[in-house]
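The values are calculated or read from the model by the stated rules, or taken from the named source; none is laboratory data. Keep in mind the model is a prediction, meaning the values are calculated, not measured. Positions of Cβ are generated from backbone atoms using ideal geometry, with glycine treated the same way; all protein chains shown enter the neighbour counts. For the accessible areas, the whole protein counts, side chains as well, though only heavy atoms, and no ligand, DNA or RNA atoms are used. Shrake-Rupley method; radii C 1.70, N 1.55, O 1.52, S 1.80 Å.
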Amino acid sequence: MSSLAQKLKSEPVNGTIGTIVRIEGPVFVAQVDGVEVRARRAVSCLVEPLLHDCVLIAQQGATGYVLAILEREEGVTTTLKVDGNVDLSVPQGKLRMVAKDGVDLVSPKEINVLAGTLSWHANQLKVTASEVVTAASQVIADIATTKLKGGIFDRVFDRVSERVKRSYRTVEEIDQVRSKQIDYQAHETMSLRSENLVATAKELVKSAGEQLNLG
């Protein structure tokens, strides 16, 4: 690196404009006044050059660098490319990303989000995952409508408390409860309807009330 820096200091730098005609790995071949110039992408040039791009080239002897993309065909996707790790730092102020058609975060490994407060505001939220693991000391949700659809739903808790105004449940096949003790209380009416009703106890079956009608 030091020998290259010394060599660059000893030769004048020429700025030229050319058109990318060929890409050979990390080397971009540009046509400049009928002559092919070979150049690498400068570290500060974040936009990845493409064929037919009009580029600004800094040339010093046999060494050339693509400094910037000046013009590009319409409708071509622009790619910001950096080799190695990248840190985007805003020591003071706020970072905001705005896109009309959407924002995608893609990684074959992990995506970590660290924040004092994390807020999601969306008209529709879709989550698709083979496994979801959540560890939280407290979860508070204010949701108008919740719909869950899946093959298997397992819950394991030390305690579950629910307070609802109305509760409706439909089970197409088997509704099974295994418990050490079961306590049902109704302030007004409890109704049990079935084609067949079987009550079995090992020791005691007790029915008490002001009126008891059988039959």
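A Gaussian network model of the chain, with springs between Cα atoms under 10 Å, assigns the largest mean-square fluctuation among LYS202, LYS147, LYS94 to LYS202. Of the Cα atoms belonging to region 119-186, the radius of gyration and Dmax stand at 16.0, 44 Å. The gain in end-to-end length when the LYS147 to GLN31 segment is fully stretched comes to 35.8 nm, 0.36 nm per residue minus the alpha carbon separation. For the options GLY150, GLY84, GLY116, a Gaussian network treatment of the chain with springs between C-alpha atoms closer than 10 Å singles out GLY150 as fluctuating the most. I'd like the carbon and sulfur percentage of the solvent accessible area for region 1-157, probe radius 1.4 Å, heavy atoms only, ligands and nucleic acids excluded. Roughly 52 percent, rounded to a whole number.
Normalised by the number of residues in the chain, the average gap of Cα pairs under 8 Å and 6 or more apart makes the relative contact order 11 percent. Taking region 63-100 and a reference point 7 angstrom along Cα→Cβ of VAL47, the backbone N atoms nearer than 12 Å belong to 67-81. Would you compute the Debye intensity of the chain from its alpha-carbon atoms alone, equal scatterers and no solvent, and pass along log10 I(q)/I(0) at q = 0.15, 0.17 Å⁻¹ to two decimals? Log10 I(q)/I(0), no solvent term: -1.21, -1.39.
Pairs from the table (LYS100/LYS147; LYS126/LYS149; LYS126/LYS165) lying more than 18 angstrom apart at Cα are LYS100/LYS147; LYS126/LYS165. In the context of the full set of protein chains, residues of region 137-191 present 133 Å² of accessible surface per residue (probe radius 1.4 Å, heavy atoms only). By the rule of a C-alpha distance below 20 Å, with chain neighbours fewer than 8 residues away ignored, the lysines paired with LYS180 are LYS202, LYS206. Bridgeable aspartates and glutamates around LYS81 (alpha carbons under 20 Å apart, same-chain partners fewer than 8 residues away excluded): GLU24, GLU48, ASP53, GLU71, GLU73, ASP104, GLU110.
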